[in-house]
1. Determine, from the Cβ-Cβ distance of VAL68 and VAL6 and an R0 of 45 Å, the FRET efficiency 1/(1 + (r/R0)^6), rounded to the nearest 0.05.
2. Just check region 67-198 against the gyration tensor rule for me: Cα atoms, a ≥ b ≥ c as the square roots of the eigenvalues, rounded for a/c under 1.5, and otherwise prolate or oblate depending on whether a/b exceeds b/c.
3. On average, how much area does the Cα convex hull of region 109-167 cover when viewed from any direction, in nm²?
4. Please name whichever of ALA50, GLY19, VAL6 sits farthest to the positive end of the charge dipole of region 1-57, dipole taken about the Cα centre and charges placed at Cβ: Lys and Arg +1, Asp and Glu -1.
5. Picking from LEU14, LEU114, LEU42, which is most flexible by a Gaussian network model of the chain using Cα springs under 10 Å?
6. I'd like the GluC sites (Glu not before Pro) in region 1-83 restricted to DSSP loop residues with at most 16 other Cβ atoms within 10 Å, sorted by number.
7. Dividing the convex hull volume of the Cα atoms of region 18-110 by its residue count, what figure in Å³ per residue is obtained?
8. On alpha-carbon atoms, Rg over Rh for region 1-48 using Kirkwood Rh?
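FYI, it's all coordinate maths here, none of it is from the lab. None of these values were measured; they are calculated from a predicted model. With ideal geometry, Cβ positions are generated from the backbone for all residues, glycine too; neighbour counts draw on all protein chains shown.
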Amino acid sequence: MADLSVLEGLIQALRRLPGVGVKSASRMAYHLLQHDREGAELLSQALHQAAAAVRHCERCYTFTTQAVCETCLDESRDTTRLCVVETPADQSAVERTAAYKGLYFVLMGRISPLDGIGPKDIGLQKLMERASDGVVTEVILATNFTAEGEATAHVLGEALKRRGVQVTRLARGVPVGSELEYVDLGTIAHALVDRRNA
Ligand code: ZN
């Protein structure tokens, strides 16, 4: 039936979300249309606004609605230290420890050969430029302690060291296989304080 192509279009659009197959997409579409029209409108508006307004910070690459994010603009920050994290959620985890007052660089991903994600697909080049601005003296690699996070830390560490930047890595103590986002704050704070040369 041609008049259902609108519904089919919604299902196809929902399938673009990670981990959503045709079954889940259909369930979401039916739910919104049958039980939550208000939610459908809200979702539509929020997506439209976010897609139009959210961009990457020119300095740290995290999501922001301004050219430069609030953290990068904060003059009380120690501009000589740059903490590299995978996601904004990991940045929040480090931030909540209150043990770090430097700036950040958010990769917005991790190197993962199995998923076809290489150094070019994360902000490697931007990080290199950022770390060689003449102000940064130490880059702290705070990628996750997963296989991908470790591989990412290794690649970034080697590239940064070739540029003469001092590189440190969070100390062990953060459980192997874990993502910072889910690690308790005390453990992250200790791993920061006990960071070692990479
Ligand atoms: Zn920023």
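1. 0.65
2. It is rounded, given that a/c, with a ≥ b ≥ c, falls under 1.5.
3. With the hull built on Cα positions only, its mean projection is 3.7 nm².
4. Selected residue: GLY19.
5. Taking springs between Cα atoms under 10 Å, the residue moving most is LEU14.
6. Passing both the DSSP loop test and the Cβ count: GLU58, GLU75.
7. On the way: hull volume 12.6 nm³, N = 93.
Convex hull of Cα atoms, per residue: 136 Å³.
8. 0.96
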